[in-house]
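The values are calculated or read from the model by the stated rules, or taken from the named source; none is laboratory data. Computed from a predicted model, the values in this text were never measured in an experiment. Please note: Cβ atoms are built from the backbone with ideal geometry, for glycine as well, and neighbour counts cover all protein chains shown. Surface accessibility is based on the protein's heavy atoms, side chains included, excluding ligands, DNA and RNA. Shrake-Rupley method; radii C 1.70, N 1.55, O 1.52, S 1.80 Å.
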Amino acid sequence: MKKQIANFIVNGRPYELLVESHMTLVEVLRDQLGLMGTKFNCGVGECGACTVLINGKPRLSCSTLAVTAREKNILTIEGLTEGTTLHPIQKAFVDHGAIQCGFCTPGMILSAKAFLDDNPNPSKEEIKEALAGNLCRCTGYVKIVEAILAAAEVIGKKRRQFDQSKY
Amino acid sequence: MKPFEYFESGTVEEATQLLAEYGRRAEVLAGGIDLVPRMRKGQIQPEYVVSIQKIHGLDCIERDGEKGLRIGALTSLRTVELSPLIRNDYVVLHEALRSIASIQVKTMGTVVGNICVGTPASDVIVALFALGARLKIVSISQERMISIENFFVGVKQNVLQPGEIVTEVLLPIPAVGTRGGFLKMARTATDIAKVNVAVVLRIADDRCEHAKIAVGSVAPTVIRAKGAEEILKGKKPGKEIIKEAAEVAAKEGNPITDIRSTGEYRKEIIKVLVRRAVERVI
């Protein structure tokens, strides 16, 4: 496949990019779009640091050929922040000390977001299972799980406030 | 990764035509969670990659009358894991999928892809052996059904010829009273198994009417522990019978020593897991 122009939708914005078939999504996000939040770590699909959401589902961008992500909604960690307002999951990670070196963090947060979107009221065990594809060498995972539990509560509260405010 | 020519097939016909034309110079792309990392490592360097991702009708789990339950080639491991149909009627497959830790891998990877990679340590394949699954193989000129037990001929080697792809897995409808369970021992929650075991049994009138025991990671392919099955069949599955069956199962594998475990330990663990799995299912 020669270099072809392909349409991508990243964090809600459309991009026309020149891609070759052998390029992975993580390379395109980082090198062509300058979105450095998505980390390149093991590069072989075993650590989860490169996790992005594609149409709401968590996928490994190091193991995704960029051409296969055309025309799909891609969410990177940069897409969670609204201006300078942190997403509740990001804030919870900060507040609960769930970040040490920060390298696993974008992948962790995106996996957590995909999980909480479908499971708003999880147990600790369910959170651990949902994040099993994301490795962390620093924290020992305890505070990460606590942060996600806390974020679930905050998101739930906001949802209930919003529902009540409609009346 | 080495550059390659990329095709997105719109139909199975297109895909099989391309695969027949390019033979061993081409690889199929479904989920890509095995293919892409191996290409990144340089372990395989295909000149052509034929994507089947855009083919309609391959992402499905549906009952096909009395034939059984069809799982299409693009159905992800995660979809199958979360399916109530699978959780209710094919518990052994549900448990096998639960034992695979990474949600991302399960979201991207497909059941059929996992089968076609064919590692003898595959949790999915072990469960499918115990379920008596069959595969539909399609080429440009014909279709054929094959029992999953006849699909593998060696470590990660199967009977597919150039131009053939597996389009679905068919699970037989379980008879009333059939129960199953899956057990795995690994170094960590995310690691490949040292040994994995799947058991499907049917008890009628206190006796074991049907038994399939599959063991993975102890031979070049997943195996059926047929000696162990014979011990159980027709008998009341009491402690002594189960112990005897487990001991026979341990002799049926030929496990190697590798980075994950020694052959001796694996032999012992076959015995333990078969006993535990049968006891749990009863």
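Worth a mention:
- Inter-chain shielding of A:56-68 (mean C-beta neighbours from other protein chains, 10 Å cut-off): 6
- A 1.4 Å probe run over the protein chains yields, for region B:222-282, 54 Å² of accessible area per residue, whole-number rounding.
- Cα principal axis extents for region B:208-282, largest first, Å: 39, 20, 17
- Paramagnetic label reach from A:Arg13 (point 7 Å along Cα→Cβ; backbone nitrogen cut-off under 15 Å): within region A:55-77, residues A:74-77.
- Accessible heavy-atom area order of A:Asp117, B:Asp205, B:Asp191, highest first, probe of 1.4 Å: B:Asp205, A:Asp117, B:Asp191
- The HN-Hα couplings worked out from phi for region A:103-116 by the Karplus form 6.51 cos²θ - 1.76 cosθ + 1.60 (θ = phi - 60°) are 6, 7, 4, x, x, 4, 5, 5, 4, 5, 4, 4, 5, 5 Hz, whole numbers, x standing for Gly and Pro.
- Compactness relative to 2.2 N^0.38 Å, alpha carbon Rg of chain A: 1.07
- Descending semi-axes in Å of region B:134-186, equivalent ellipsoid built from Cα gyration tensor: 26, 17, 8
- Test item: A:8-21 mean partner chain Cβ contacts at 10 Å: 1
- Interface size A-B, as summed buried accessible area [1.4 Å probe, Å², nearest 100]: 2200
- Debye equation applied to the C-alpha atoms of chain B, log10 I(q)/I(0) at 0.10, 0.17 Å⁻¹: -0.52, -1.37
- A helix-only calculation puts chain B at -10000 deg cm²/dmol for mean residue ellipticity at 222 nm, using -39500 (n - 2.57) for each DSSP H run of at least four residues, averaged over all residues.
- Compactness of region A:48-146 as Cα Rg over 2.2 N^0.38 Å, two decimals: 1.05
- Partnerless Cys - the protein assembly as shown, beta-carbon criterion under 4.7 Å: A:Cys101, A:Cys138, B:Cys60, B:Cys116, B:Cys208
- The alpha carbons of region B:28-150 occupy a box of 41, 39, 27 Å along the principal axes, longest dimension given first.
- Cα radius of gyration and Dmax for the protein assembly as shown (Å): 23.2, 70
- A cut-off under 14 angstrom between Cβ atoms defines the neighbours of B:Glu5, and their net charge, with Lys, Arg +1 and Asp, Glu -1, is -1.
- Relative counts (whole %) of C-alpha pair distances in region B:135-282, using bins that are 10 Å wide: 11, 35, 31, 19, 4, 0
- Surface exposure of region A:39-167, expressed per residue as accessible area with a 1.4 Å probe, stands at 51 Å².
- Surface composition of region B:31-86: carbon plus sulfur atoms hold 46% of the accessible area, using a 1.4 angstrom probe and ignoring ligands, DNA and RNA.
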